[in-house]
Amino acid sequence: MAIRESKRRNNDKYNAKCDRISARPMKPVGNAIRAAAKAAGQSVQAYVLQACTERMTREGQPLELPDERPDAE
């Protein structure tokens, strides 16, 4: 089943805003990360991004995101 053209456009628009960072841990490390994420009730992506954000803050380089809402001033 093909996806609707509007859905594809919206996906493309969202993906254009995203960056892709890849990690290839050894299987035991990957399994440990998956288990920790599950125990925390998070996806692996959410778990890893939270860990990165917390470390960046600890190291004095907090992650500061621009407010991208259309109604933001």
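What follows is calculated from the coordinates using simple rules that are stated; it is not laboratory data. All figures in this text were calculated on a predicted structure; none of them were measured in a lab. Counting neighbours? That spans all protein chains shown, and the Cβs are built from the backbone with ideal geometry, glycine included.
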Original post:
Among Gly30, Gly60, Gln45, whose Cα sits farthest toward the positive end of the charge dipole of the chain (+1 at Cβ of Lys/Arg, -1 at Cβ of Asp/Glu, about the Cα centre)?
Top reply: Gly30
Original post:
Helix 27-39 versus the longest principal axis of the chain: what angle, 0 to 90°, nearest 10, using Cα atoms?
Top reply: 70 degrees
**OP:** With r as the distance between the Cβ atoms of Asp67 and Arg9 and R0 = 30 Å, compute the FRET efficiency 1/(1 + (r/R0)^6) and round to 0.05.
**Re:** 0.80
Original post:
How large is the helix-only mean residue ellipticity at 222 nm for the chain, computed as the sum of -39500 (n - 2.57) over DSSP H runs with n ≥ 4, divided by its residue count, in deg cm²/dmol to the nearest 500?
Top reply: -18000 deg cm²/dmol
Original post:
Just for the Cα atoms in the chain, what are the lengths along the principal axes, largest first, rounded to whole Å?
Top reply: 41, 41, 22
Subject >> Cα-based helix-to-principal-axis angle, 44-58 vs the chain, degrees rounded to 10 >> reply: 70 degrees
Original post:
In degrees between 0 and 90, to the nearest 10, how far off the longest principal axis of the chain does helix 5-17 point, with axes built from Cα atoms?
Top reply: 50 degrees
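Treat every Asp and Glu Cβ in segment 1-58 as -1 and every Lys and Arg Cβ as +1, leave all other atoms uncharged, and give the resulting dipole magnitude about the Cα centre to the nearest 20 debye. Before the final figure, lay out the partial values.
On the way: 13 positive and 4 negative charges, 28 e Å.
So the dipole magnitude of segment 1-58 works out to roughly 140 debye.
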